[in-house]
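The values are calculated or read from the model by the stated rules, or taken from the named source; none is laboratory data. None of these values were measured; they are calculated from a predicted model. Backbone-built Cβ (ideal geometry, glycine too); neighbour counts: all protein chains shown.
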Amino acid sequence: MSALAGKGILVTRPREQAEPLLARLQAVGARAIAFPAIEIAPPLDRARLDGLIDRLADFDWVIFISPTAVSRFYAALGERALPTVLRIAAVGEASARALQRRGVDGIVFPEGNADSEALLALPAMQAVQGQKILIVRGEGGREVLAETLRARSAQVEYAECYRRLRPAADGGPILAEFRRGGIDAITATSGEGVSNLFALLGPEGEGFLCDTPWFVPHVRIAAAARVLGAQRVAVSAPGDEGLLTTLEEWFAHG
């Protein structure tokens, strides 16, 4: 029997990203509890995104920051295809898989750490002088990828194809789950999601969130949780497999 059987696992991913993890948790007998702490909305400037899509052939590289960036970009792309001259990169394996499902091959992506630094360390990202690079992402976010590529004399533009918002969600049912001891672990995939969850659950929720173990895929997200007071934070390998393995090990030996 899985160590997760009967455990209440709070999944805070955006609604459109949560289903695969919810299904895998349920398959091992966990009580998967969905409470999206981020809402994905269309970009404010759709005309700019369409304009960039119209001139995709001008670029040498397109880099996808996340699976959401892939899905939202392809929704905007519609029936059009990526120009065959483009080289495609992804910040992590999950984004690469999302591209592969759309028939893209030859994707450059780092194995292991799913972050900008890992992508920038790859040989393909070193000699980019004079190359035109389009970074597909949500509005806002870290600038290290673009700044480093520009420092390497590349020309960089952003295709911002979605926004991340704090949902207008009722935290009451989740607080009720915490009160009755129904949540044994919290999962989060971004620092923004961590801060949104604290805001959505308010002062009463803060105590529960600080005392419950968190499971996150990156040290930056762990740091965001600890700054807000989380006492126990485990960093897993990227992807659902890494998260499930860490959860299993924690509850098997906890």
* Asked: Of all strands (runs of 3 or more DSSP E) completely enclosed by segment 1-108, which ones contain at least 2 residues that are among the aliphatic types (A, V, I, L, M) and free of Cβ contacts under 8 Å to residues at least 40 places away in the same chain?
  -> 31-34, 87-90
* Residues in segment 44-56: is at least one closer than 22 Å to Pro238 by Cα and surrounded by 13 or more Cβ atoms within 10 Å (Cβ to Cβ)? -> no
* To do: Looking only at segment 89-107, count how many residues are aliphatic (A, V, I, L, M) and either surrounded by fewer than 19 Cβ atoms within 10 Å (Cβ to Cβ) or more than 19 Å from the chain's Cα centre (by Cα) (or both).
  => 2
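Conditions (1) in contact with a Pro (Cβ under 7 Å, 6 or more places away or on another chain); (2) at pLDDT 95 or above, marked per residue:
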site	(1), (2)
Val62	no, yes
Pro83	no, no
Ala94	yes, no
Ala98	yes, no
Phe109	no, yes
* To do: Being aliphatic (A, V, I, L, M) and more than 30 Å from Pro42 (Cβ to Cβ) is the filter; apply it to segment 10-29 and report the residue that is surrounded by the fewest Cβ atoms within 10 Å (Cβ to Cβ).
  => Ala27
* Structure fact -> Per the list (1) under 18 Å from Arg13 (Cα atoms); (2) in contact with a strand residue (DSSP E or B) (Cβ under 7 Å, 6 or more places away or on another chain); (3) part of a loop (DSSP other than H, G, I, E, B), residue check on Gly141 breaks on (2)
* **Matching residues in segment 109-135 - criterion: being surrounded by 12 or more Cβ atoms within 10 Å (Cβ to Cβ), among the charged types (D, E, K, R) and not in a strand (DSSP E or B)** => Asp115, Glu117
* To do: Could you tell me whether segment 68-86 includes any residue that is within 21 Å of Glu111 (Cα to Cα) and basic (Lys, Arg)?
  => no
